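*Asks:* Encoded as structure tokens, here's the structure I'll be asking about.
The values are calculated or read from the model by the stated rules, or taken from the named source; none is laboratory data. Keep in mind it's a predicted model, so treat the numbers as computed, not measured. Positions of Cβ are generated from backbone atoms using ideal geometry, with glycine treated the same way; all protein chains shown enter the neighbour counts. Just so you know, the surface numbers come from the protein's heavy atoms only, side chains and all, with ligands and any DNA or RNA stripped out. Shrake-Rupley method; radii C 1.70, N 1.55, O 1.52, S 1.80 Å.
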Amino acid sequence: GAGVSQSPSNKVTEKGKDVELRCDPISGHTALYWYRQSLGQGLEFLIYFQGNSAPDKSGLPSDRFSAERTGGSVSTLTIQRTQQEDSAVYLCASSLAGGGEQYFGPGTRLTVT
Amino acid sequence: KQEVTQIPAALSVPEGENLVLNCSFTDSAIYNLQWFRQDPGKGLTSLLLIQSSQREQTSGRLNASLDKSSGRSTLYIAASQPGDSATYLCAVIPQAGTALIFGKGTTLSVSS
């Protein structure tokens, strides 16, 4: 079956612009996670969805970051007024249930110029 | 606060060698532990998941062990091949419904 997909694969944007990153989880997976990986940094958690609800948003670095999930499937991560420090690879993962084995998408590489 | 450490940060071995990658975590109360592989410029590929009640898992040439009481996991790779060259990441889930906490990874290079 299809794995986790993310779009776009690469995004270059100017500082101050808004961007939307999309994640399509594996069909039937109720849990969805967003992480980001910065150059030289480890992987850091951003937000966790169970169904359409986000019980844990503790990793979002500022109020410029928001995410939603609709229909228990597709999720969109939005970054408003992008800054250069937002440049990173944004990774999405899904699992059958919270705490289960997580499967990752290929990521979106965001570059803010 | 749970912290995950991986040692060594980098490892170079000749083809055919058996090797062990180490992962330690500070809080033994984990739900499960997952090992991943990441190739340059790519996403993460899940290798093995060990639930907290398990001691080890095996997949092909890979064997992962878990010792919760000592806060350690090891990933054993048998008969290494150049295609095994990648960064290997260890991650724990503290409890169901929480996110993975990652180590910084071990970058493995296998020379032919």
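*Asks:* Convert 25 °C to kelvin, take the viscosity as 0.890 mPa s, use the Kirkwood radius over C-alpha pairs of region B:1-100 as Rh, and evaluate the Stokes-Einstein diffusion coefficient in µm²/s, rounded to a whole number.
*Replies:* 176
*Asks:* Once you charge only the Cβ atoms, +1 for Lys and Arg and -1 for Asp and Glu, what is the size of the charge dipole of chain B about its Cα centre, to the nearest 20 debye?
*Replies:* The calculation lands at about 220 debye.
*Asks:* Another one. What percent of all Cα-Cα pairs in region A:15-69 falls into each 5 Å bin, going from 0 up to the bin containing the maximum distance?
*Replies:* Percent of pairs per bin, in order: 4, 16, 25, 26, 18, 8, 3, 0.
*Asks:* Can you find, among B:53, B:13, B:97, the residue sitting farthest towards the positive end of the charge dipole of chain B, where Lys and Arg contribute +1 and Asp and Glu -1 at Cβ?
*Replies:* B:97
*Asks:* Using the Kirkwood formula on the Cα atoms of chain A, what hydrodynamic radius do you get, in angstrom to one decimal?
*Replies:* 13.9
*Asks:* Which whole-Hz couplings ³J(HN,Hα) result when phi for each residue of region B:74-82 is put into the Karplus expression 6.51 cos²θ - 1.76 cosθ + 1.60, θ = phi - 60°, listed in order with x for Gly and Pro?
*Replies:* After applying 6.51 cos²θ - 1.76 cosθ + 1.60, I find 10, 10, 9, 10, 8, 6, 4, 10, x Hz.
*Asks:* Just tell me which aspartates and glutamates come within less than 13 Å, Cα to Cα, of residue B:68; anything on the same chain fewer than 8 places away is out.
*Replies:* Within the straight-line limit of under 13 Å, residue B:68 reaches these aspartates and glutamates: B:27, B:56.
*Asks:* While we're here: Under unit Cβ charges (Lys, Arg +1; Asp, Glu -1), what dipole magnitude, rounded to 20 debye, does chain A have relative to its Cα centre?
*Replies:* I would put it at about 180 debye.
*Asks:* What residues qualify as long-range amide H neighbours of residue A:56, i.e. H under 5 Å apart, gap of 5 or more or another chain, H built at 1.01 Å from N?
*Replies:* Amide H to amide H, under 5 Å and 5 or more residues apart or across chains, residue A:56 pairs with A:48.
*Asks:* Per residue of B:30-36, how many C-beta atoms from partner chains lie within 10 Å of its own C-beta, taken as a mean?
*Replies:* That works out to 2 on average.
*Asks:* Now a separate question. What's the local net charge at residue B:98, with K and R +1, D and E -1, over the other residues with C-beta under 15 Å away?
*Replies:* On the way: positive: A:57, B:1; negative: A:44, A:56, A:101, B:3, B:27.
Taking every other residue near residue B:98 into account, the sum is -3.
*Asks:* Hand me the GluC sites (Glu not before Pro) from region B:14-112 located in a DSSP loop with no more than 15 other Cβ atoms within 10 Å, in residue order please.
*Replies:* B:15, B:17
*Asks:* Using a 1.4 angstrom probe and counting only protein chains, how large is the accessible area of residue A:96 in Å², to 10?
*Replies:* Here the accessible area works out near 120 Å².
*Asks:* Can you pull the percent of the protein assembly as shown's accessible area that's carbon plus sulfur, 1.4 Å probe, other chains left in place? Before the final figure, lay out the partial values.
*Replies:* On the way: 4870 of 10550 Å².
About 46 percent, which is the carbon plus sulfur part of the accessible surface.
*Asks:* Threshold 10 Å², probe 1.4 Å: give the residues of region A:40-58, in number order, that are less accessible with all protein chains present than with their chain alone.
*Replies:* A:42, A:43, A:45, A:48, A:56
*Asks:* Another one. Seen from all sides and averaged, what is the projected area of the convex hull of the Cα atoms in the protein assembly as shown, in nm²?
*Replies:* Seen from a random direction, the Cα hull of the protein assembly as shown projects 12.2 nm² on average.
*Asks:* Also, quick follow-up: Write out the trypsin sites (Lys or Arg not before Pro) in region A:1-43 meeting two conditions: DSSP loop, and at most 15 other Cβ atoms within 10 Å of their Cβ.
*Replies:* A:15, A:17
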